[in-house]
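Q: Handing you a structure now.
Just so you know, all these numbers are worked out from the coordinates, no wet-lab data involved. Just so you know, these numbers come straight off a predicted model, no measurement behind them. We place every Cβ from the backbone using ideal geometry, glycine too, and count neighbours over all the protein chains shown.
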Amino acid sequence: MVDPWYDRDPTLFEIQKREVQSEYPNLHFYREHDLIFVRGSFPLIDAGRVLDRFSIEIELPRNRQEDIPIIRETGGRIPRISDNHINVNNQAGDICLFVPEERWRIFPVGSSLLKFLNGPVKNYFLGYALKELGDPWPFGERLHGKAGIFEYYGELLGTSDEQVIRKYIQCLSKKTFKRHWPCPCGSGKKIRNCHVAEIQELREKVPWSYALKSLEHLRC
C-alpha cells in the first residue's frame, strides 16, 4: 500500500497544519496508526465575533489529490438523518458537504485543508445553525441520494431526462472514451460528430472514478 500523502510530503503537511492551527487554535491534530484526524471546536465567526461552535472531526484522506476529507459532527447536536445531509448508511455519521463531482467548483484538487474549513465546512455548519433557527439553508441544498446525482448532472448537462443522464455518466465513468462510441445525448451520431468537445470538458471537471461511484450508486 502506498504511504499517505502526509508521510510522503511531511513539509507540506506541516505547512497545512500550521495554517489551520493559526486560524483555528481549538482544532488539534492526532495520529492513529497511519491516519490523521483533526478534532476539536469549530467556531462560526463573523466580523471577529464567534456566533456559534460545533464539535467536529476531520479524517484526512490518504490520497490528497483524489480523495476528499471526511467531516463529522461529534457533539451529538446534529441528528443523523438524511435531511441534515448525513450519510445514514454510515455509523460514523459522515457529512455530505457536496456531490463529489462538484469538487472542481467547491474544493478543487490541490486545495489546502484551511480552504476546506473556510469553504464547504463553514458553509455547512452555518447552514445548519440557521436551519435550527427555522431559516432555509442559505446556499441552497441538493436532493438526497440518487435524486441529488440526477439533479447535479441534469444541471450540468441541461436536461432532466434520466436515461440521457445515465448514458453520460456511463461515458464519464470510463478511464478513456472512444470517439466512435454513440453519443450519450441520444442523437444516434458518433461522439466525434456530436458532443465530443462537451464530453472532453466534462471529463476535465469530473474524474472518471467519481462518475463510476455515482453510476454504482444509481444501480443500487
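Q: Positive end of the dipole of the chain, charges at C-beta (+1 Lys, Arg; -1 Asp, Glu), about the Cα centre: which of 21, 153, 117 has its Cα farthest in that direction?
A: Highest projection toward the positive end goes to 153.
Q: How big is the dipole moment of the chain about its Cα centre under a simple scheme where the beta carbon of each Lys and Arg is +1, that of each Asp and Glu is -1, and everything else is neutral? Debye, nearest 20, please. Provide the component values of the computation, followed by the final result.
A: Details: 32 positive and 30 negative charges, 182 e Å.
Roughly 880 debye for the chain.
Q: Could I ask something else about it? Would you please give the residues with an amide H less than 5 Å from that of residue 42, counting only those at least 5 places away or on a separate chain, with H modeled from the backbone geometry?
A: Those qualifying (amide H under 5 Å, at least 5 residues apart or on another chain) are 54, 55, 56.
Q: Once you keep just the Cα pairs under 8 angstrom separated by 6 or more residues, what percentage relative contact order results for region 145-219?
A: Values: 71 pairs, mean separation 23.9, N = 75.
After rounding, I find 32 percent.
Q: Still on this structure, I have one more. In nm, give the distance between the simple-model label positions of residue 213 and residue 21, each being 7 Å from the Cα along the Cα-to-Cβ direction.
A: 2.9
Q: Taking a cut-off of 21 Å between Cα atoms, list the lysines near residue 205, but don't count ones fewer than 8 places away on the same chain.
A: Counting by Cα, and skipping residues close in sequence, residue 205 has these lysines nearby: 115, 146, 167, 174, 175, 178, 213.
Q: Return the tail of the calculated pair distribution for region 145-219, meaning the percent of Cα-Cα pairs more than 17 Å apart.
A: Working: 1054 of 2775 pairs.
Considering region 145-219, 38 percent of its Cα-Cα pairs are separated by more than 17 Å.
Q: Suppose only helical runs count, i.e. DSSP H with n ≥ 4. What mean residue ellipticity at 222 nm does that imply for the chain under -39500 (n - 2.57) per run, divided by all residues and rounded to the nearest 500 deg cm²/dmol? Numbers along the way, then the final one.
A: Details: 9 runs with 83 residues, N = 220.
Counting only the DSSP helices, I get -10500 deg cm²/dmol.
Q: Where does each of 178-191, 54-67 land if you order them by average Cβ count within 10 Å, highest first? Intermediate results must be reported in sequence, preceding the final value.
A: On the way: 178-191: 14.6, 54-67: 17.1.
The densest-packed peptide leads the list: 54-67, 178-191.
Q: For the chain, with the dipole built from +1 on Lys and Arg beta-carbon atoms and -1 on Asp and Glu ones, taken about the Cα centre, which of 47, 84, 202 lies farthest toward the positive end?
A: Selected residue: 202.
Q: Using a Förster distance of 35 Å, how high is the FRET efficiency between residue 83 and residue 47, based on the Cβ-Cβ distance and rounded to 0.05?
A: On the way: r = 30 Å, r/R0 = 0.87.
Taking R0 as 35 Å, the efficiency between residue 83 and residue 47 is 0.70.
Q: Next up: So if I take the centroid of the Cα atoms in region 1-36 and the same for region 53-121, what is the distance between those two points in Å?
A: 16
Q: Determine, from the Cβ-Cβ distance of residue 133 and residue 189 and an R0 of 45 Å, the FRET efficiency 1/(1 + (r/R0)^6), rounded to the nearest 0.05.
A: On the way: r = 52 Å, r/R0 = 1.16.
That pair, residue 133 with residue 189, gives E of 0.30.
Q: Hey, could you get me the Stokes-Einstein D for region 5-132, Kirkwood radius over alpha-carbon pairs, 10 °C and 1.306 mPa s, rounded to whole µm² s⁻¹? All intermediate terms of the calculation are to be shown ahead of the outcome.
A: Details: Rh = 15.2 Å.
The estimated diffusion coefficient comes to 104 µm²/s.
Q: Excluding residues on the same chain fewer than 8 positions from residue 122, give the lysines whose Cα lies under 19 Å from its Cα.
A: Hits, sequence-local ones excluded: 17, 131.
Q: Another one. Rounded to the nearest 20 Debye, what is the dipole magnitude of region 74-172 about its Cα centre when Lys and Arg each give +1 and Asp and Glu each give -1 at the C-beta? Don't skip to the end; give the middle numbers.
A: Working: 11 positive and 11 negative charges, 61 e Å.
Here region 74-172 has a charge dipole of around 300 debye.
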